[in-house]
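Peer 1: Here it is, the structure, as structure tokens.
The values are calculated or read from the model by the stated rules, or taken from the named source; none is laboratory data. Because the structure is predicted, anything quoted here is derived from the model rather than measured. We place every Cβ from the backbone using ideal geometry, glycine too, and count neighbours over all the protein chains shown.
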Amino acid sequence: MWTGVLDAMASPSLGWGMLIAAVFVVACTATAWWTRGQPLVAVGRTMDETRLVRHEIVTVDEVQTQAKREAARQATPRVYVADLSAIEAIVQSLENLPRTLGAAETLDAVDPTIREQFRLTPEQLAAVRAEFVDGQASASWKAKVRTLAGMLHRHPMLDQQTWQRGTQEGTAPTIRLVVDGRIMQPVLRGEAINVDDAAAMNAAMQVIARDGGFSEPLRTMVVSRLTVGARPTFTFDSAGTTSEQNAAAEATPASISINPVGQVIFRRGDVLTEAQASLNRAELALTERQTPPVTRLLRVVGTAGGVTGVTLALAGYTLLFCPRIRRNAGRIAGVAGVLAAMMVVACFTTAAAPHWAALTTIAPTILLAMLMSIAYDRRAALAYSLLHGLLVCLALRESVGTMAVMVTGVACVGWSLREIRDRGALLRSSAITALGVGLATVVTGLLDRTISPQTITEILTDAARAAGGMIALGAAVLMVLPFIERAFNVTTGMSLQDLRDPAQPLLREMQQRAPGTYTHSLNVATICEAAAQAIGADALLAYVGALYHDIGKMNKPEYFVENQAGGPNKHDRLSPAMSLLIVVGHVKDGVELAREFRVPAPLIHFIEAHHGTTLVEYFFHRARRQAEQGDRGTAVPDEFEYRYPGPKPRTREVAILMIADAVESACRAMPDPTPSRIDQLVRAISHKRLMDGQFDECELTLRELSDITEAISRTVASMYHSRVAYPHEPEREAVSV
């Protein structure tokens, strides 16, 4: 362990890692500090703790204040605006009536419309004509009409709907009338007249005509004019009424409530009301304002200490068990960024929607477990997710029960999400996680909370939300899986399954242009798969990587022996140095082809590192022989010049490919590949690669190398098994049995 620590301390990415850890601590501390100051309770939920007032609070009782202001709105008189044209039409009609009828001696001489409008009788006609003096209406008649006009200004006639709303809405006993911009004295609501109610209209007009000074038979005639074809004389002023109501509400003073120290805000088992939630928010804000700076600083230090402790645990685990992350500052920053982002999501969503806390507190942590399982491995996923869960619980003041639900969800992910070879893998994992989280939510709810019909309902609702959220997480991860692979530079089993399909464009092109190389790659892939399974490595990745490792040979297939169908070898006409360029060039060509066809980065490492920095022995020895047999001036080549450029294998799967590739090529050239000779060959090649330092950069132990050697020996022996000749046909070539 100490050796691993010392190696990690010597890593060039250590300085960046410390800087990233410091930024992570600051960001998470700020998030946790802000979150711990939030109420984190929801109206309508059963409370799991009792809270008391810690400082005397003078608060505005919002509920009572709103009730008082609403009452003030309702008590504000409704505003009606006079329709002056309607009133003036009535007034002018009555005022001009004596002059209109002054020359009419009989009813037949009166226009039928006027006769119908006033329902004139001979007696009324005579009475009207009597008011016609000196070619105009008498002064008394005009006085009566003006009095009637004043009565109409104080007795609004409304259409049926407006009248109905006016009698039902609000509690004010009066209404406010506006005539020509002037606000009249308030009148009782009962004085408003419904023009569509004939009986009420007739009775009201009788009173108005009487109070206007009209006596019989003129009174009946005036009532007829007011009721026949009557239309509203006032309309409801919605904007004016609303303005008056708002002004009345604003003028209503707020209801003040004094809450002494020790007053119960809410008790464990209470269903939180809006008033309690408001008081709780006010108490938290006041406590924060009145907390001494030293106390506040100590709390910040405590929060930072907790975050720092978890961060040190994360850093220690990374140093000891995650070399792939610790060696690359970019990966360290990426993992730290994901951890911080998931914490921010958990804190802000829970603070914004505490009703959904059963889901928002655990979903980011379980999503982190899924991402880490896909990007790295299940062991890293378990460690990072559980430590992240501690951070979330610290920030949200959550109980052990919430941590237990997180542990259950993370464990379900770690157990079920080993490899994603098809779309159903994520859905199966999310279904298992949903079941585990749902059951854990129910169990912890029954253990931690008070038992009542309300809480039972809440527990079941929380379990359903948590389980449904896990299903949604799995579907979301499945949808963005290609982006996850690209962001974390990984390739899932599902993508590998697609890439191993012979119908892939790159493989199909290799079949056509370099069939011998394709057959060689298939054999090497079979060998790599068996060896990877023997040591618990990624067998599918090893198989697919082996399929693509020699695609660079497609550019010059005729220069590689497996594609030469007899005849002279093209290298016989080339110098060793030129042959070296062609042979070594297939690695660079393969990398360029892979990038052109968007082959995932993990597979590109198989292409660039399957020869590592090994020596191209055939052409090196050929060059040495030519130098020794040539002129004295010809320099003996340096071994370094005839080595592949590398890099060396960085993963166990690529190390397996290096051995399998050399073994398969050597066995094809072996005249009698018996199992014992194959075993000797495999061991010799493995030992040679080990002594050459080709496995120095990958996590391959000697025990694993021994297991790889045995697995390759068995697989190759089964592929190149012994052959027999039929005795009755001695001239026939040996055939495979």
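Peer 1: Please return the ranges of helices (runs of 4 or more DSSP H) entirely within segment 37-155 where 1 or more residues are under 60 Å from the mean Cα position of the chain (by Cα) and surrounded by fewer than 17 Cβ atoms within 10 Å (Cβ to Cβ). Write out each step before concluding.
Peer 2: On the way: elements: 62-75, 84-95, 97-101, 112-118, 122-130, 139-154.
So the answer is 62-75.
Peer 1: With in contact with a Gly (Cβ under 9 Å, 6 or more places away or on another chain) and at pLDDT below 95 as the only criterion, which of Ile325, Ile374 stands out? Give the derivation first.
Peer 2: Numbers: Ile374 fails: in contact with a Gly (Cβ under 9 Å, 6 or more places away or on another chain).
Of the residues listed, the single one that is in contact with a Gly (Cβ under 9 Å, 6 or more places away or on another chain) and at pLDDT below 95 is Ile325.
Peer 1: Restricting to segment 243-284, name every residue that is part of a loop (DSSP other than H, G, I, E, B) and not charged (D, E, K, R). Steps first, answer last, please.
Peer 2: Narrowing segment 243-284 to residues part of a loop (DSSP other than H, G, I, E, B): 252-255, 260-263, 267-270, 272-273.
Within segment 243-284, Thr252, Pro253, Ala254, Ser255, Pro260, Val261, Gly262, Gln263, Gly269, Leu272, Thr273 meet the criteria.
Peer 1: If I go through segment 2-31 residue by residue, how many of them are of a type outside the set (Phe, Trp, Tyr), out of contact with any Cys (no Cβ under 7 Å at 6 or more places or on another chain) and modelled with pLDDT of 90 or more? Outline the logic, then answer.
Peer 2: Kept after step one, since they are of a type outside the set (Phe, Trp, Tyr), are these residues of segment 2-31: 3-15, 17-23, 25-31.
Going one step further and asking which of them are out of contact with any Cys (no Cβ under 7 Å at 6 or more places or on another chain), we end up with 3-15, 17-23, 25-30.
Subsequent filtering for residues that are modelled with pLDDT of 90 or more retains 18-23, 25-30.
Summing the residues that are of a type outside the set (Phe, Trp, Tyr), out of contact with any Cys (no Cβ under 7 Å at 6 or more places or on another chain) and modelled with pLDDT of 90 or more in segment 2-31 gives 12.
Peer 1: Would you point out which residue out of Leu447, Leu426 is touching a residue at least 12 places away in the same chain (Cβ under 8 Å), part of a helix (DSSP H, G or I) and surrounded by fewer than 23 Cβ atoms within 10 Å (Cβ to Cβ)?
Peer 2: Numbers: Leu426 fails: surrounded by fewer than 23 Cβ atoms within 10 Å (Cβ to Cβ).
One residue alone meets the criteria, Leu447.
Peer 1: Sticking with this structure for a sec: Inspect all residues belonging to segment 645-655 and state whether any of them is assigned to a helix (DSSP H, G or I) and more than 26 Å from Pro482 (Cα to Cα). Step through it out loud before you land on a result.
Peer 2: Looking only at segment 645-655, we keep the residues that are assigned to a helix (DSSP H, G or I), and these are 652-655.
Filter once more, so that each one left must be more than 26 Å from Pro482 (Cα to Cα): 655.
Taking every residue of segment 645-655 in turn, at least one turns out to be assigned to a helix (DSSP H, G or I) and more than 26 Å from Pro482 (Cα to Cα).
Peer 1: What are the residues in segment 306-332 that are buried (at least 17 other Cβ atoms within 10 Å of the Cβ) and among the aliphatic types (A, V, I, L, M), if any?
Peer 2: Listed by number, the residues that qualify are Val307, Val310, Leu314, Ala315, Leu319, Ile325, Ala329, Ile332.
Peer 1: Looking at this structure, is Pro645 in contact (Cβ under 8 Å) with a residue 12 or more places away in the chain, more than 24 Å from Ala531 (Cβ to Cβ) and in contact with a Lys or Arg (Cβ under 7 Å, 6 or more places away or on another chain)?
Peer 2: On the way: in contact (Cβ under 8 Å) with a residue 12 or more places away in the chain: yes; more than 24 Å from Ala531 (Cβ to Cβ): yes; in contact with a Lys or Arg (Cβ under 7 Å, 6 or more places away or on another chain): no.
Answer is no for this residue.
Peer 1: Sort through Val207, Val145 and tell me the only one that's in the same structural domain as Arg99 (by TED's automatic domain parsing) and in contact (Cβ under 8 Å) with a residue 24 or more places away in the chain. Lay out the reasoning, then the answer.
Peer 2: On the way: Val207 fails: in contact (Cβ under 8 Å) with a residue 24 or more places away in the chain.
On inspection, the qualifying residue turns out to be Val145.
Peer 1: Follow-up question, since we're still on this one. Do we have Gln124 as touching an Asp or Glu at 6+ places or on another chain (Cβ under 6 Å) and not hydrophobic (A, V, I, L, M, F, W, C) here? Working first, answer last.
Peer 2: On the way: touching an Asp or Glu at 6+ places or on another chain (Cβ under 6 Å): no; not hydrophobic (A, V, I, L, M, F, W, C): yes.
Taking the combined requirement at face value, the residue does not satisfy it.
Peer 1: Filter segment 664-686 down to the residues that are modelled with pLDDT of 90 or more and either closer than 26 Å to Arg625 by Cβ or in a loop (DSSP other than H, G, I, E, B) (or both) and list them by number.
Peer 2: Listed by number, the residues that qualify are Leu681, Ala684, Ile685.
Peer 1: Does segment 214-246 hold any residues that are surrounded by 13 or more Cβ atoms within 10 Å (Cβ to Cβ) and hydrophobic (A, V, I, L, M, F, W, C), and which are they?
Peer 2: Phe214, Leu218, Met221, Val222, Val223, Leu226, Ala230, Phe234, Phe236
Peer 1: When you scan segment 363-382, do you find a residue that is crowded, with 24+ Cβ neighbours inside 10 Å, of a type in the set (Ser, Thr, Tyr) and either within 25 Å of Ala352 (Cβ to Cβ) or touching a strand residue (DSSP E or B) at 6+ places or on another chain (Cβ under 7 Å) (or both), even just one?
Peer 2: yes
Peer 1: Next up: Applying the selection to segment 327-349, what residues are under 30 Å from Arg45 (Cα atoms) and either in contact with a Leu (Cβ under 6 Å, 6 or more places away or on another chain) or of a type in the set (D, E, K, R) (or both)?
Peer 2: Answer for segment 327-349, where residues must be under 30 Å from Arg45 (Cα atoms) and either in contact with a Leu (Cβ under 6 Å, 6 or more places away or on another chain) or of a type in the set (D, E, K, R) (or both): Met342, Met343.
Peer 1: Continuing with this model, one more query. Among the residues of segment 212-235, write down those that are part of a loop (DSSP other than H, G, I, E, B) and over 17 Å from Arg154 (Cα atoms). Talk me through it step by step, then tell me what you get.
Peer 2: In the first step, residues of segment 212-235 are kept if they are part of a loop (DSSP other than H, G, I, E, B); the result is 212-217, 228-233.
Within segment 212-235, Phe214, Ser215, Glu216, Pro217, Val228, Gly229 meet the criteria.
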